């Protein structure tokens with residue numbers, strides 16, 4: 001199957017596969033690997049992106065969208081910078097800043113934006129830490145019906 005054939009592959013409803021990709025970002029260096037991977041995937045699939053960061057600091061959890069803090073300002077600037085990076089190579093990209101519990105917010109935005117794929121990096125915790133703490137990725141993938149692309153950060 002050629003790349004063009006793959007792009008033209010459709011779901012039963014006639015929509016192009018991965019029309020909308022939700023890319024979750026946590027604002028750390030671990031984002032870089034998933035950003036680079038999704039650049040290639042989005043170009044190949046002619047996808048549009050929704051960049052999502054969930055602010056989960058005290059101000060964000062307490063005041064939600066009314067929160068004003070250095071964290072919120074930094075998160076917003078970071079999202080805009082990554083958005084410009086994608087748009088500069090022709091990938092339509094919007095940004096969303098959410099507030100609160102990352103897994104709950106990711107699930108909410110998947111539904112609100114009708115995403116076909118969620119792409120996220122994982123931190124590669126050890127098995128015992130994952131069992132006791134759980135992972136955002138694990139909680140998300142068990143609550144949505146679209147594919148989840150997990151890329152382990154180096």
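Within the stretch 75-100, the set of residues being out of contact with any strand residue (DSSP E or B) (no Cβ under 9 Å at 6 or more places or on another chain) and either part of a helix (DSSP H, G or I) or on the phi > 0 side of the Ramachandran plot (or both) comprises 77, 81, 90. Within the stretch 91-121, the residues that satisfy the criterion of being more than 22 Å from residue 37 (Cα to Cα) and touching a helix residue (DSSP H, G or I) at 6+ places or on another chain (Cβ under 7 Å) are 98, 99, 100. Consider only pairs whose beta carbons are under 8 Å apart and that are at least six residues apart or on different chains; among these, list those whose first residue lies in the stretch 34-57 and is more than 22 Å from residue 71 (Cα to Cα) and whose second residue is part of a helix (DSSP H, G or I) and at pLDDT below 95. Cβ pairs passing all conditions: 44/3; 44/6; 44/7; 45/6; 45/7; 46/7.
Taking the criterion of being free of Cβ contacts under 8 Å to residues at least 24 places away in the same chain and over 16 Å from the mean Cα position of the chain (by Cα), the residues of the stretch 66-83 that qualify are 66, 68, 69, 70, 71, 73, 77.
Looking only at the stretch 84-100, count every residue that is over 14 Å from the mean Cα position of the chain (by Cα) and either touching a residue at least 12 places away in the same chain (Cβ under 8 Å) or closer than 9 Å to residue 53 by Cβ (or both) and tell me the total.
Adding up the residues that qualify gives 7.
Being more than 19 Å from residue 116 (Cβ to Cβ), assigned to a helix (DSSP H, G or I) and modelled with pLDDT under 95 is a description that applies to residue 63. On the stretch given as the stretch 101-139, residues that are modelled with pLDDT under 80, more than 11 Å from the chain's Cα centre (by Cα) and in a helix (DSSP H, G or I) total 10.
The values are calculated or read from the model by the stated rules, or taken from the named source; none is laboratory data. None of these values were measured; they are calculated from a predicted model. Please note: Cβ atoms are built from the backbone with ideal geometry, for glycine as well, and neighbour counts cover all protein chains shown.
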